[in-house]
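Notes follow once the structure below has been shown.
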Amino acid sequence: MEEEVILIARFDTPFEAEEARIALEEEEIECMIADELTGNLGLVGWSGPGGVKLFVRAEDAERAAVALAGTPARKNLVVEPPEDAGTAATGQEA
């Protein structure tokens, strides 16, 4: 049976997506980056259609959103973390 994966974030550059991937892997959340090569064609201020995409398993989506809520990737999330995610994920004020 195939596992459902969902888009959790979009990024302008592959570097930003890699930072988010590392943050998720530190939380032991499996993820996948798509369109890393076509999402950013090297033109300043422009990324390809939809940018660089980060996917996680559907069952991990909320946990991944919480993990990314305390990082710079929070501005790129397409899945909303719970309102208290900033404090829950980092122990700091959001």
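The values are calculated or read from the model by the stated rules, or taken from the named source; none is laboratory data. All figures in this text were calculated on a predicted structure; none of them were measured in a lab. Neighbour counts run over all protein chains shown; Cβ positions are idealised from the backbone, glycine included.
Is it true that some residue in the range 68-88 is small (Gly, Ala, Ser), under 9 Å from the mean Cα position of the chain (by Cα), at pLDDT 85 or above and not in a strand (DSSP E or B)?
Yes: the range 68-88 contains one or more residues that are small (Gly, Ala, Ser), under 9 Å from the mean Cα position of the chain (by Cα), at pLDDT 85 or above and not in a strand (DSSP E or B).
Among the residues of the range 66-76, what is the count of those that are among the hydrophobic types (A, V, I, L, M, F, W, C) and either in contact with a Gly (Cβ under 6 Å, 6 or more places away or on another chain) or farther than 16 Å from GLU18 by Cβ (or both)?
Residues meeting the conditions: 2.
Restricting attention to the range 1-32, and to residues there that are part of a helix (DSSP H, G or I) and among the acidic types (Asp, Glu), which single residue is surrounded by the most Cβ atoms within 10 Å (Cβ to Cβ)?
To start, the set of residues in the range 1-32 that are part of a helix (DSSP H, G or I) comprises 14-26.
Cutting the leftovers down to among the acidic types (Asp, Glu) gives us 16, 18-19, 25-26.
Working: GLU16: 20, GLU18: 15, GLU19: 16, GLU25: 12, GLU26: 9.
Among those that are part of a helix (DSSP H, G or I) and among the acidic types (Asp, Glu), it is GLU16.
In the range 36-67, what count of residues is obtained for those that are part of a loop (DSSP other than H, G, I, E, B), modelled with pLDDT of 65 or more and either crowded, with 20+ Cβ neighbours inside 10 Å or in contact with a helix residue (DSSP H, G or I) (Cβ under 7 Å, 6 or more places away or on another chain) (or both)?
2
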